[in-house]
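Here's the structure, in structure tokens; my notes come after.
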Amino acid sequence: MNMPVLNEIKKSLIAAIWFMFLTFPIMVIKVNTITRTIDWRWKNMMYTGIGAFFLSAVWRYMLRRKEKNQNALEKEGLSIVQKILQVKTFSIPATVLLLIFAIVFPHLFSMHQTNIMISALIYVMLGLGLNIVVGLAGLLDLGYVAFFAVGAYAYALLNLHFGLGFWTVLPVGGFLGAVFGILLGYPVLRLRGDYLAIVTLGFGEIIRIILENWNEFSFGPAGIANIPKPELFGLDLSLSAKTIYLYYIIVLLVIFTVFVINRLTDSRIGRAWIALKDDEIACQAMGIDKAKTKLRAFALGATWAGMGGVVFAAKTAFINPASFTIWESVIILCTVVAGGMGSIVGVICGALLLILLPEYLRDFGQFRMITFGAVLVLMMVFRPGGMIENVRRTYQFKTGETNDIHS
Amino acid sequence: MNPEYLTALILGGLTRGSIYALIALGYTMVYGIIQLINFAHGEIYMIGAFTGLIVSTVLTMHGMPGFGVVFFAAAAAIIYACCYGYTLEKIAYKPLRHAPRLSVLISAIGMSLFFQNYVLLAQTSNFLPFPGLIPDFEFWKPYSHVMSATELVIIVTTAIVMVLLTLLIKFTRIGKAMRATSQDKIMASLLGINVNQIISITFIVGSATAAIGGLLIASHTGQINAYMGFLVGIKAFVAAVLGGIGSIPGAVLGAFVLGLSESVFTGYVSSDYEDVFAFLILVLILIFRPSGILGRDQTQKV
Amino acid sequence: MTSILDVKNLTLDFGGLRAIDHLNLTVNKGEIAALIGPNGAGKTSFFNCITGIYKPTAGEIFLTCRNGEKERINGLKPNLVTRKGMARTFQNIRLFSSMTVLENVMIGCHSITHAGILGAVFKDAATRKEEKYIVDKSYSILKTLELERFVNELAVNLPYGAQRLLEIARAMATDPQLLLLDEPAAGMNPTETRRLDDMILKIRDEKGIAILLIEHDMKLVMRISETIHVVDYGKKIGEGTPEEIRNHPVVIKAYLGEDIHA
């Protein structure tokens, strides 16, 4: 055997031993403090060793590949997915097919599947909204779920107290989301990135704690039940018909979201966001109001969360503060990061994949969160651009387009 | 106002503050060196507490006497926390040394999520009772109605750790290298300091203090679970920011200010909104004095 | 002649260090003025002070705004200073790296355009017209600075000299009355510098923009500026025409030495 291979095996062995040692107390020993017995799970140690042996080899291989790419200094060009996405002859029929699939979906599959799909699409909407804040404006918002909660509680409470219907509350939820976005965003906009993350996290938790403790307002941990689904012209629909109807609503909302975000990216405001992410000081020197631009991103992102919240409340018919923990924010962040920050297609794929896979892979459910954690780390280390890296559509100037104004 | 009640609140606040201080040190040291918030720091503290619990239970069941159990459990907890801290840095931070801050922050959050669920899956999601590792000292009996022996040990241990850490940073070679690295990484490496090694050492030292904090608080409250690290971690971070992040005396001061004011707040105002209070302090301090109590103002270079 | 920028007794302290010490400076309408001095004399700090990035410790800054009125601009945020009609470039190039050359200039148009969120979403006639205006204006500025062949390139891929010019183009897009250039010729070769000379004169002559520049290249400074201000240790030690500065004893002693005749 030649030396490099031997060397690799040695390194892998060291990694295996290290991780076997590291995970020994927590993976192997399980004490039962009531019966005062100890369960020695030596098998776990074996699994850890074998896993670490191979994974560490993969880890080193990937790191080397990444380094090589960086040294070569050439951007590896567009990935296959991006190339396919840019070919119009492919992307248009694909979009049409996807739309057809989305339309017939509830008629092909059971109500259970439709419900799962509704959840996934709510996450798509949340991901796209958070993408405005994180992907475009570069602000890490860890309290995003608070705006989702605002929307959900807006529908539940307005319906409970005033009997307002889904369609009335949907824009109200979006509006309230935006208002909260501005209220919470305003004091923290001067903060640098990592402080912003912690403070938004704090705000998110504050809202949850208030919802949990202010019984007179939010009914505390018991939550609010019997939230109605949207009505269709006062028709008396069956539960399955209502679910299908809600499904179409969320599909339309997702299409609407994609449309709006697309337009925004190509606008004066979208450019300001990207510039702000690139260089804040230069951005201000160009006359861009930093606070206002960030606030816009915050408010717009929160609007989608607010509307998503209304749909969520209508879907589950029951909400309580437990649905709006910080980890929910992290899951949404995870869908954005995994899919590709800034990329609309990426975020949609990321959300669908990360939400649907755990639903369909049996026994995988309990590993959901630990996988999300690993996904965040691995993505950042090896593929910070996400599965579908965002290649920003730049404005392409064509000669002959201008009338040569002299200002 | 009932003076005894107030005294109890103040002592409770000091205990709380000590724990925050032990954890805040890790944040502030790491921040001082690589200007990053180690989001997974609270998880290291939780892992320390779990290791302590597992080792002490095993040893007790094998009939080891009390002091031996305390010693070995504490040693194991600290060593394991250090190893986890070291590994964490190698996996989630080192490959991202030149990446944008946003990436590192996301990676750190991922690590936090990972550790939490790792303990949750390998152990349990329920609360586990934690044995009282600290005995009720004979000599302290007369005063124990004012302050329990555990509280005394927490405060004294914190003080000792602070002094040792200050000595380490002020007077040892490693301490000097740490200070140099925090000022200018490139210059430090040109002067022959192994920057990567210094960063590792910083993570290890920070993890050790976190583990000590984890053990102490666990024997104080008598129970632990996999989620215990997150909130305490955030609060310790608040303490570090309050004192001026990057400054070690600042972290200690901030921790005591936060501990005391939180204790008084829960005692006199509301215990439901205890956590809200900490976050409000964070928001206020960041808006009005982002450099913290002891931090220096930073002028951005243009 | 009417002044466009009046700085009176400007002082800036960093802790105990005085970076700028009671500095007085006036730039007239349509004038090309230069600010020279040894490294660390406080020139860039002066720019940062008057553009609102640093807060001056004492002193007054007045800018004649677009409507012809004098306004005190101390402590104004950088973006508002730009809106009032004073734009700048950066010594260490700060272009928007993920954007193309044209988009960089388009960002400069931000402060003189208005489209909001609703405009962006609905793309109404006014917004479309404004977008076209932004593109046309940006392109014509690129043409003025002879950068049009790079129009669709990413800004980071440009040669160094072109990046410096793009900084100027971007600042011009904000429609300034006074342009602050921080070492525009740094890193340029003699041919490029020569071209920069013509460019700066052209900007002033064609658009009537007053220019205040920090520069170490004395040839360039002497050739194009009408007034030269010399600072050392944050203090003004001399002011005058290039001819006067050439013969100013204090200036020669403090800073210029023999280089001036080179």
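Observations on the structure shown:
- Residue match in the stretch A:139-155 (condition: touching a strand residue (DSSP E or B) at 6+ places or on another chain (Cβ under 6 Å) and assigned by TED's automatic domain parsing to the domain that holds A:G350): yes
- Any hit, the stretch B:71-86, residues being under 18 Å from B:V195 (Cβ atoms), hydrophobic (A, V, I, L, M, F, W, C) and in contact (Cβ under 8 Å) with a residue 60 or more places away in the chain: no
- Residue within the stretch C:36-55 that is at pLDDT 90 or above, in a strand (DSSP E or B) and either open to solvent by 50 Å² or more (accessible area, probe 1.4 Å) or of a type in the set (F, W, Y) (or both) present: no
One line per residue, one yes/no per condition, for (1) at pLDDT 90 or above; (2) surrounded by 14 or more Cβ atoms within 10 Å (Cβ to Cβ):
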residue: B:G85; (1), (2): yes, yes
residue: B:K141; (1), (2): no, no
residue: B:A149; (1), (2): no, yes
residue: B:T181; (1), (2): no, yes
residue: B:K185; (1), (2): no, yes
residue: B:A188; (1), (2): no, yes
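- Here B:P65 passes the criteria (1) at the interface with chain A (Cβ under 9 Å from one of its Cβ atoms); (2) over 30 Å from B:K185 (Cβ atoms); (3) open to solvent by 10 Å² or more (accessible area, probe 1.4 Å); (4) of a type outside the set (G, A, S) except the one numbered (1).
- Residue that is farthest from A:N262 (Cα to Cα) [pool: residues in the stretch C:88-138 that are among the charged types (D, E, K, R) and within 8 Å of chain A (Cβ to nearest Cβ)]: C:R88
- All of A:I288, A:I255 fail the test of being under 25 Å from the mean Cα position of the chain (by Cα) and either modelled with pLDDT of 90 or more or open to solvent by 10 Å² or more (accessible area, probe 1.4 Å) (or both), apart from A:I255.
Yes or no, residue by residue, for (1) within 14 Å of chain A (Cβ to nearest Cβ); (2) among the charged types (D, E, K, R); (3) open to solvent by 40 Å² or more (accessible area, probe 1.4 Å):
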residue: B:A108; (1), (2), (3): yes, no, no
residue: B:F130; (1), (2), (3): yes, no, no
residue: B:P135; (1), (2), (3): no, no, yes
residue: B:I154; (1), (2), (3): no, no, no
residue: B:I160; (1), (2), (3): no, no, yes
residue: B:F171; (1), (2), (3): no, no, yes
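- Index of the failed condition, C:L180 passing every other in (1) part of a helix (DSSP H, G or I); (2) within 19 Å of C:I50 (Cα to Cα): (1)
- Residues of the stretch A:162-194 that turn out to be more than 15 Å from A:K290 (Cβ to Cβ), under 22 Å from the mean Cα position of the chain (by Cα) and open to solvent by less than 40 Å² (accessible area, probe 1.4 Å), as a count: 8
- Note on the stretch C:144-171: among residues that are open to solvent by 20 Å² or more (accessible area, probe 1.4 Å) and more than 12 Å from chain A (Cβ to nearest Cβ), the one that is farthest from C:N92 (Cα to Cα) is C:E146.
- Residue count for the stretch C:56-82 under the criterion of being assigned to a loop (DSSP other than H, G, I, E, B) and within 14 Å of chain A (Cβ to nearest Cβ): the result is 5.
- Every condition in (1) on the phi > 0 side of the Ramachandran plot; (2) in contact with a Gly (Cβ under 9 Å, 6 or more places away or on another chain) is met by B:G63 except one, and the failing one is (2).
- Residues in the stretch C:1-17 that are within 19 Å of C:I211 (Cα to Cα) and of a type outside the set (K, R): C:M1, C:T2, C:S3, C:I4, C:L5, C:D6, C:V7.
- Any hit, the stretch C:186-196, residues being charged (D, E, K, R), surrounded by fewer than 19 Cβ atoms within 10 Å (Cβ to Cβ) and assigned to a loop (DSSP other than H, G, I, E, B): no
- Failed criterion for A:M341 (all others in (1) assigned to a helix (DSSP H, G or I); (2) within 14 Å of chain B (Cβ to nearest Cβ); (3) within 18 Å of A:L136 (Cα to Cα) hold): (1)
- From the options A:T394, A:T399, residue that is at pLDDT below 85, more than 14 Å from chain B (Cβ to nearest Cβ), more than 18 Å from the chain's Cα centre (by Cα) and open to solvent by less than 60 Å² (accessible area, probe 1.4 Å): A:T394
- Candidate set: the stretch C:1-34, residues that are within 16 Å of the chain's Cα centre (by Cα), open to solvent by less than 50 Å² (accessible area, probe 1.4 Å) and β-branched (V, I, T); chosen: the one nearest to C:N74 (Cα to Cα): C:V7
- Condition check for C:I141: within 9 Å of chain A (Cβ to nearest Cβ), closer than 30 Å to C:P190 by Cα, open to solvent by less than 10 Å² (accessible area, probe 1.4 Å) and assigned to a helix (DSSP H, G or I): yes
- Note on the stretch A:150-193: residues that are in a helix (DSSP H, G or I) and within 14 Å of chain B (Cβ to nearest Cβ) total 7.
Residue by residue, here is whether (1) surrounded by 14 or more Cβ atoms within 10 Å (Cβ to Cβ); (2) closer than 24 Å to B:M46 by Cβ; (3) touching a His at 6+ places or on another chain (Cβ under 6 Å); (4) not hydrophobic (A, V, I, L, M, F, W, C) holds:
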site	(1), (2), (3), (4)
A:F19	yes, yes, no, no
A:V31	yes, yes, no, no
A:D39	no, yes, no, yes
A:K43	no, no, no, yes
A:I50	no, no, no, no
A:Y61	no, no, no, yes
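- Close pairs (8 angstrom Cβ cut-off, 6 or more residues apart or separate chains): of a type in the set (A, V, I, L, M, F, W, C) in the stretch A:209-231, open to solvent by 70 Å² or more (accessible area, probe 1.4 Å) and at pLDDT below 85 anywhere: A:I209/B:D272
- So A:E67, is it at pLDDT below 90 and loosely packed, with under 13 Cβ neighbours inside 10 Å: yes
- Residues that are free of Cβ contacts under 8 Å to residues at least 24 places away in the same chain and of a type in the set (V, I, T) were ranked within the stretch A:341-380; the one that is most open to solvent (accessible area, probe 1.4 Å) is A:T371.
- Test: residue in the stretch C:75-94 that is more than 27 Å from A:D279 (Cα to Cα), in contact (Cβ under 8 Å) with a residue 40 or more places away in the chain and out of contact with any Ser or Thr (no Cβ under 9 Å at 6 or more places or on another chain): no
- Qualifying residue in the stretch B:239-256 (condition: buried (at least 21 other Cβ atoms within 10 Å of the Cβ), assigned to a helix (DSSP H, G or I), modelled with pLDDT of 85 or more and touching a Pro at 6+ places or on another chain (Cβ under 9 Å)): yes
The values are calculated or read from the model by the stated rules, or taken from the named source; none is laboratory data. Please read these numbers as outputs of a predicted model, since none were measured by experiment. All Cβ positions, even for glycine, are placed from backbone atoms using ideal geometry, and neighbour counts span all protein chains on display. When the accessible area is computed, the model is the full protein with side chains, heavy atoms only, and any ligands, DNA or RNA have been set aside. Shrake-Rupley method; radii C 1.70, N 1.55, O 1.52, S 1.80 Å.
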